Amino acid sequence: MQKRTINPWQWQQHSAYNQAVEVRQPSATLYCAGQAAIDADGVPSTGDMRAQLQQVLGNVEQVVTAAGYQCRDIVHLRIYTTDTTALFGPAGCFDVFTEWVARHGIQAAATMVEINFLAYEGLSVEVEAIAVR
């Protein structure tokens, strides 16, 4: 597989994503369902946005690795949140996301969508991933 990032601008670099990712000659593609802050027993988190985002990214990582991929194989992330201020604001927790992306060497295109609610009351963030190898 060959992966190339496309960034006609530089402003997005501090946000840990790319404008586009081109993949040539992939051997397989993994489409991950949205991962929320739900533990292995199916119990939703009652934590704040930071705690939920940490669990969400851990769940993404677990699904990706259980499928035989590595997080660095992720080429697209879609973030859903019910509270953009809690995620991106001055006291937000987007650093959790940017540090996770950097730690795994992920070069992905990303989209953030604000929504009204998630499947369980109290949940505030969910992440989908597409990985290729």
(message) Please pick out the residue among Ala131, Ala67 that is small (Gly, Ala, Ser) and crowded, with 19+ Cβ neighbours inside 10 Å.
(response) Ala131
(message) Exactly one condition in (1) of a type in the set (A, V, I, L, M, F, W, C); (2) assigned to a loop (DSSP other than H, G, I, E, B); (3) under 12 Å from the mean Cα position of the chain (by Cα) is false for Ala119; which is it?
(response) (3)
(request) Scan (1) closer than 22 Å to Val21 by Cβ; (2) in contact (Cβ under 8 Å) with a residue 40 or more places away in the chain for the single condition Glu99 breaks and write down its number. (result) (2)
(message) Between a residue in the range 1-29 that is under 16 Å from Arg72 (Cα atoms) and any residue that is in a helix (DSSP H, G or I), which pairs come within a Cβ distance under 8 Å, given they are 6 or more apart or on different chains?
(response) Ala16/Phe97; Ala16/Thr98; Ala16/Val101; Ala16/Ala102; Tyr17/Val101; Asn18/Gln12
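Per-residue answers, yes or no, for (1) within 30 Å of Gln2 (Cα to Cα); (2) assigned to a strand (DSSP E or B); (3) at pLDDT 95 or above:
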{"residue": "Thr46", "(1), (2), (3)": "no, no, yes"}
{"residue": "Arg50", "(1), (2), (3)": "no, no, yes"}
{"residue": "Val56", "(1), (2), (3)": "yes, no, yes"}
{"residue": "His76", "(1), (2), (3)": "yes, yes, yes"}
{"residue": "Leu87", "(1), (2), (3)": "no, no, yes"}
{"residue": "Pro90", "(1), (2), (3)": "no, no, no"}
{"residue": "Trp100", "(1), (2), (3)": "yes, no, yes"}
{"residue": "Val113", "(1), (2), (3)": "yes, yes, yes"}
(message) Just to be sure I understand, how many residues within the range 81-111 are under 15 Å from His14 (Cα atoms), over 12 Å from the mean Cα position of the chain (by Cα), of a type in the set (Asp, Glu) and surrounded by 12 or more Cβ atoms within 10 Å (Cβ to Cβ)?
(response) 0
(request) Go through the range 25-44 and give me each residue that's part of a loop (DSSP other than H, G, I, E, B) and surrounded by fewer than 17 Cβ atoms within 10 Å (Cβ to Cβ). (result) Gln25, Pro26, Ser27, Ala28, Asp39, Ala40, Asp41, Gly42, Val43
(message) Here are the criteria: (1) in contact (Cβ under 8 Å) with a residue 24 or more places away in the chain; (2) more than 17 Å from Ser15 (Cα to Cα). Tell me which single one Gly42 does not satisfy.
(response) (1)
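The values are calculated or read from the model by the stated rules, or taken from the named source; none is laboratory data. In this text the structure is predicted, and so the values were computed from the model without any measurement. Cβ sites come from the backbone with ideal geometry, for glycine too, and all protein chains shown count toward neighbours.
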